[in-house]
Amino acid sequence: MIHLARAYKASEPRSTIVKIAAWVYAAALAVMAVTQLFAFHEFIPLVANYGLPDGYGTAMLVGCVIVLSEIFALPYLLRMPLSPLFRWCSLLCSVVAPLLWLWLTLMMPTGNSGLLGAKIDVPAGPVQFVAVLVLAVLAVWVAWGLRPERTGPRK
């Protein structure tokens with residue numbers, strides 16, 4: 001029988017502090033994703049306020065990529081049994097989400113940043129920059145601490 005994808009347990013983290021940091025980071029991403037999806041039709045215009053090229057279409061693409069990367073980062077951060085390829089994809093998503101927010105933050109928006117969706121107002125500017133910078137540092141630290149190693153049978 002051919003198995004295209006077989007889930008394996010995650011390797012042990014470098015320390016318990018990294019494991020706790022991963023849970024905190026996962027909780028932050030989950031809250032961000034839920035609040036952004038709660039009123040997604042209002043979240044996209046907030047992303048469009050960043051002045052992206054080509055207007056609303058690019059804002060829709062960037063908004064979808066942000067939310068999807070926040071969601072798909074959760075299996076890696078929660079150390080779920082995953083296939084090796086999906087573990088690496090989830091790791092990539094956990095780093096891409098704060099980097100996209102950091103890129104948007106550097107575009108100097110005004111008003112609600114959209115970090116917590118349209119319903120919870122997070123002002124753009126220094127507050128958003130510090131929050132996104134903390135998320136980015138947490139993402140890199142957790143990616144280092146929960147490094148995926150080869151698991152399962154070796155040939």
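Each value in this text was obtained by applying a stated rule to the coordinates, not by laboratory testing. Since the structure is predicted, the reported quantities are computational estimates derived from the model, not experimental observations. Cβ coordinates were reconstructed from backbone atoms using ideal geometry, including for glycine residues, and neighbour counts include every protein chain displayed.
A cut-off of 5 Å between modelled amide H atoms, ignoring neighbours fewer than 5 places along the same chain, links Tyr8 with Leu82, Ser83. For segment 16-145, the dipole from Cβ point charges (+1 on Lys and Arg, -1 on Asp and Glu) about the Cα centre works out to 420 debye, to the nearest 20. Of all complete DSSP H helices in the chain, those with a Cα span along the helix axis of 15 Å or greater and a mean Kyte-Doolittle hydropathy of -0.5 or more are 16-38, 56-72, 84-105, 126-145. If the chain linking Phe38 and Leu85 were pulled fully straight, counting 0.36 nm for each residue of separation and taking away their Cα-Cα distance, it would gain 13.9 nm. Restricting the calculation to Cα atoms, segment 16-145 shows an Rg/Rh of 0.97 when the hydrodynamic-style radius is the Kirkwood one. Between Leu102 and Ala7, take the C-beta separation as r, use R0 = 25 Å, and let me know the FRET efficiency to the nearest 0.05. That pair, Leu102 with Ala7, gives E of 0.20.
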